Amino acid sequence: MEAKAKLRFARGSARKARLVLDTIRYKPVSEAVNILRFSQRRAAGLIYKLLESAVANARQQDPKLDLTQVFVSQAMADEGPQMKRFMPRAQGRAFMIRKQTCHISLEIQTLE
């Protein structure tokens with residue numbers, strides 16, 4: 001049995017989200033939750049909520065789900081659109097600031 005959850009247009013770069021996702025990929029859900037709860041990275045909070053959503057989706061499909069048998073099977077972060085803003089600089093110049101977004105998808109599966 002598998003369950004998916006997606007977070008789209010999350011503020012933050014995909015590169016930084018991938019660093020967090022690499023630490024929880026192929027780990028049991030209970031271990032992944034502990035890693036995310038004690039991680040200092042900002043993306044860990046978003047991914048923690050996403051993992052909880054995937055677990056809730058799995059419980060919706062099978063109410064008698066044993067969480068000790070569930071692991072993170074896929075975790076990806078793709079780039080989303082960039083918001084472009086301009087910052088005034090000296091002598092009439094303007095620098096472009098790119099505010100990154102990303103799409104994070106997570107899939108959990110049971111051991112079978």
Which pairs have Cβ atoms under 9 Å, sit 6 or more apart or on different chains, and link a residue in the range 29-41 that is in contact (Cβ under 8 Å) with a residue 24 or more places away in the chain to one that is surrounded by 13 or more Cβ atoms within 10 Å (Cβ to Cβ) and assigned to a loop (DSSP other than H, G, I, E, B)?
ALA32/ARG25
Across (1) assigned to a helix (DSSP H, G or I); (2) surrounded by fewer than 15 Cβ atoms within 10 Å (Cβ to Cβ), ARG98 clears everything bar (1)
Scan the range 49-56 and give yes if some residue there is more than 17 Å from GLN109 (Cα to Cα), hydrophobic (A, V, I, L, M, F, W, C) and surrounded by 17 or more Cβ atoms within 10 Å (Cβ to Cβ), otherwise no.
no
Checklist (1) in a helix (DSSP H, G or I); (2) buried (at least 17 other Cβ atoms within 10 Å of the Cβ); (3) within 15 Å of the chain's Cα centre (by Cα); (4) of a type in the set (A, V, I, L, M) applied to LEU106, failing item:
(1)
Residues that are aliphatic (A, V, I, L, M) and either over 16 Å from ARG18 (Cβ atoms) or not in a strand (DSSP E or B) (or both), drawn from the range 67-87:
LEU67, VAL70, MET83, MET87
Among helices (runs of 4 or more DSSP H) entirely inside the range 5-66, those with 3 or more residues being polar (S, T, N, Q) are 43-61
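FYI, it's all coordinate maths here, none of it is from the lab. Note that the structure is predicted; figures quoted are calculated from it, not measured. Note that each Cβ is placed from the backbone with ideal geometry, even for glycine, and that neighbours are counted across all protein chains shown.
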